[in-house]
Amino acid sequence: MAIEVRIPTILRTYTGGERAVDGGGSSVGELIDKLEASYEGIKERLVEDESVRRFVNIYVNDEDIRFTGGLDTGVADGDTVVILPAVAGGS
Amino acid sequence: MLTIDQATYDAIIAHARKDHPDEACGVVAGPIGSDVPARFIPMLNAAMSPTFYEFDSVDLLKLYREMDDNDEEPVVVYHSHTSTEAYPSRTDIDLASEPSAHYVLVSTRDGAHEGGPVEFRSYRIVDGEVTEEEVRVAPAYTDTAAIEEKAEH
């Protein structure tokens, strides 16, 4: 069993159109490094200065990782990771 | 071109009036590939600000999960500007992440909360490029056949 990673529309250019890919690692940070190895360029869209970008949301089993340790949040086989860009803007 | 039914159009404007002077925001979901904004979903502006909007992160996950379960996508993403024109700001453009959505901007700057006019405009925002499009307000989608027929094209 792997970790299911749900990819938002805007990042599917990196995954060849795949809506979900398999991930690995023991933390979200490691998982993103592994994604980067397969889908070069995706990390830059998710991480800035060693933390999750301000307008990117990452959830592990429905929990926003901002509240569970950020990139250090643990992941394990069978978990589901969802990546969603913020829906935000300003005048 | 954005084709939207009168009831949804009115609901977006009513939401913007109600939340003025804060920005109002939401989505109109529709069947994937249909380009039909069918299900109006007003969202809470977690920023509760007159100059910024952001969906709450928990609400956002719930919204996308619901749309996934229903085979829907965000056909319209709307928000209001309360003291500037209904045109995407630099931040709106930078953060636009749904290249197939119609980005609807409404402006309530001309006293809309007191019954004044509301500007309603629609755009495509793709790779930082903004293209305004025509808005056609249709009577109610009276039967699903019309929606299904459109989905086939």
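What follows is calculated from the coordinates using simple rules that are stated; it is not laboratory data. All values derive from a computational prediction rather than experimental measurement. Every residue, glycine among them, receives a Cβ derived from its backbone with ideal geometry; neighbour counts consider all protein chains shown.
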Convex hull projection area averaged over all views, the protein assembly as shown, Cα basis, nm²: 13.4 nm²
Per-residue mean of C-beta atoms belonging to partner chains within 10 Å, peptide B:52-63: 5
Cut-off under 5 Å, modelled amide H: who pairs with B:D5 long-range: B:A138
Most fluctuating residue given options A:A37, A:A20, A:A76, as computed from a GNM of chain A linking Cα atoms under 10 Å: A:A37
Rg/Rg_ref, chain B, where Rg_ref = 2.2 N^0.38 Å and atoms are Cα: 0.99
Potential extension, B:D59-B:H113 segment - 0.36 nm per residue separation minus Cα distance: 16.8 nm
In Hz, Karplus ³J(HN,Hα) per residue of region B:94-104 (6.51, -1.76, 1.60; θ = phi - 60°; x = Gly, Pro): 4, 9, 5, 10, 10, x, 9, 8, 8, 8, 9
Beta bridge orientation in region B:2-135: antiparallel %, DSSP, nearest 5: 75 percent
Dipole of chain B, positive end: most advanced residue of B:S89, B:A101, B:A112 [Cβ charges, Cα centre]: B:A112
HN-Hα J in Hz across region A:7-15 - Karplus 6.51, -1.76, 1.60, θ = phi - 60°, x for Gly and Pro: 9, x, 2, 5, 9, 6, 5, 7, 9
GNM flexibility winner over chain B from B:R17, B:R90, B:R124 (Cα, springs under 10 Å): B:R90
Total charge dipole magnitude, region B:2-135, about the Cα centre, Cβ charges on Lys, Arg, Asp, Glu only, Debye to nearest 20: 320 debye
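Compute, for region A:3-85, the length of the dipole vector about the Cα centre, with Cβ point charges of +1 (Lys, Arg) and -1 (Asp, Glu) only. Units Debye, rounded to 20. Numbers along the way, then the final one.
Details: 9 positive and 17 negative charges, 78 e Å.
Computed charge dipole of region A:3-85: roughly 380 debye.
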Peptide B:96-105, shielding by other chains (average Cβ, 10 Å cutoff): 3
Selected from B:A140, B:A86, B:A14 as most flexible by GNM, with chain B as the system and alpha-carbon contacts under 10 Å: B:A140
Ordering of A:57-65, B:102-110 by burial proxy (mean other Cβ atoms within 10 Å per residue, highest first): B:102-110, A:57-65
Amide H partners (placed H, <5 Å) of B:E72, local residues excluded: B:I32
Tilt relative to chain B, helix B:6-19 - C-alpha long axis, 0 to 90 degrees, to 10: 30 degrees
Estimated vicinal HN-Hα couplings, Hz - region B:72-80 in sequence order (Karplus 6.51, -1.76, 1.60; Gly, Pro = x): 10, 9, x, 7, 10, 10, 10, 7, 10
